[in-house]
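Following: one structure in structure tokens, then a few remarks.
The values are calculated or read from the model by the stated rules, or taken from the named source; none is laboratory data. Bear in mind the structure is a predicted one, so any value in this text is a computation, not a measurement. All Cβ positions, glycine included, derive from the backbone under ideal geometry; neighbour counts span all protein chains shown.
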Amino acid sequence: MQDLQDFFNPVNPANLVNPVKRPFIQGFRNRTFMTDKLGFWVGFSKVNGIGPVRLQSLLDNYGDIEAAWQANPGELLGLGLDKRAIENLIHARKTLNLEAELTKIEQLGIKLLTWDSPTYPASLKNISAPPIILYVRGNLVVEDKWAVAIVGTRRATPYGKECARLLARGLAEHGITVVSGLAYGIDTEAHRVALERQGRTIAVLGCGVDVVYPPENQKLSQAIAESGALVSEYALGTEPLSVNFPPRNRIISGLSLGVVIVEGSIKSGACITVKFALEQGKEVFAVPGSILAKNSFGPNYFIQNGAKLVMTVNDILDELNLKMVPQQAEARAALPANALEATLIQQLSAEPTHIDELGQATGLVAAEIASTLTMMELKGMIRHVGGLNYVRD
């Protein structure tokens, strides 16, 4: 799938994609943030021109979100911020009542997750330019780590809608969270069916979570908030401007283990989501369609270039090793982590680690390690990737 990335022009909204990904991510992981200054995070989310990469730079320099908020304009210019971004920050400092903003958010029952929040989704921590803040209506839960995105065109055909319904139904019945964007067409069908099957679904918005777009999805939006979550990196009141949707799509893929494109032209927003999935190292799936249908050009192109062709939900479950999710969730709830699991999980990452390396690092005997790893895999905490190598899930 690597060659697919060359097909696209880079999606590079202001301050979104960091050209040097690994240092950004490493700095993000290693930082210890203050937890009592939430208002400043909200403030930065309302400043145009200061996105994740620039905020990371400010935190590297000032070491504190409040100090970054109050920084001297001359210093900010020296750090590489352009004049417009600095002017926007100064205006925000003069006009925003951060305490009032937090009060409004609390009154609306909206949760805030920042880089320092322990419940910030782990899957988003590993992408380039993770959202500064997530506004959440509803709840994100541990089980959302098992998530798959279903995306596609707003102008879905009856065939596309039925495919979206079929796949969403199968994912929901296997305990997989369905992620999409609440748009007309494929997104709406995926969300609606997941709810009908008593499954979880997450809608990632290109506007504030207090704004319903499209307005016809008001009831669907409310239902998602009640049993899943509406998520956005945009401040309350943000309107659904077209420039908000390409960066929104990186969150859809970032929250998911894989992305399924059902229908969409090659220039569609769904294909932008696939682009982000490729950049993030996520699995890409595509539903085949007629070679004569414009809506199937995108999925067919990805299949031609290495995406997994999807005929049934089992094609997704098998590829992502998700058939045991309900049992894993049950085991996780029934069997809390112990000291051995805590020791081993600290030694594991996204890179495969051999069982012998775990023994050398921990001093534990092989039989003890093997039995503990088996239980951790049953819980969905880790995955065996072959040859007695394991990765953190």
Open item on the list: Going by what's in this entry, would residue 223 be described as more than 21 Å from residue 268 (Cβ to Cβ), in contact (Cβ under 8 Å) with a residue 60 or more places away in the chain and not acidic (Asp, Glu)?
Closed with: no
- [ ] State whether one or more residues within region 374-387 are touching a Ser or Thr at 6+ places or on another chain (Cβ under 7 Å), exposed (fewer than 15 other Cβ atoms within 10 Å of the Cβ) and modelled with pLDDT of 85 or more.
- [x] no
TODO: Inspect all residues belonging to region 106-116 and state whether any of them is more than 18 Å from residue 51 (Cβ to Cβ) and without any contact (Cβ under 8 Å) to a residue 12 or more places away in the chain.
DONE: yes
Open item on the list: For a quick check of your reading: which helices (runs of 4 or more DSSP H) sit entirely within region 61-142 and have at least 1 residues that are touching a Gly at 6+ places or on another chain (Cβ under 7 Å)?
Closed with: 65-69, 83-95, 98-107, 122-125
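Going by the structure shown, is residue 206 touching a Pro at 6+ places or on another chain (Cβ under 8 Å), closer than 28 Å to residue 107 by Cβ, assigned by TED's automatic domain parsing to the domain that holds residue 314 and crowded, with 22+ Cβ neighbours inside 10 Å?
yes
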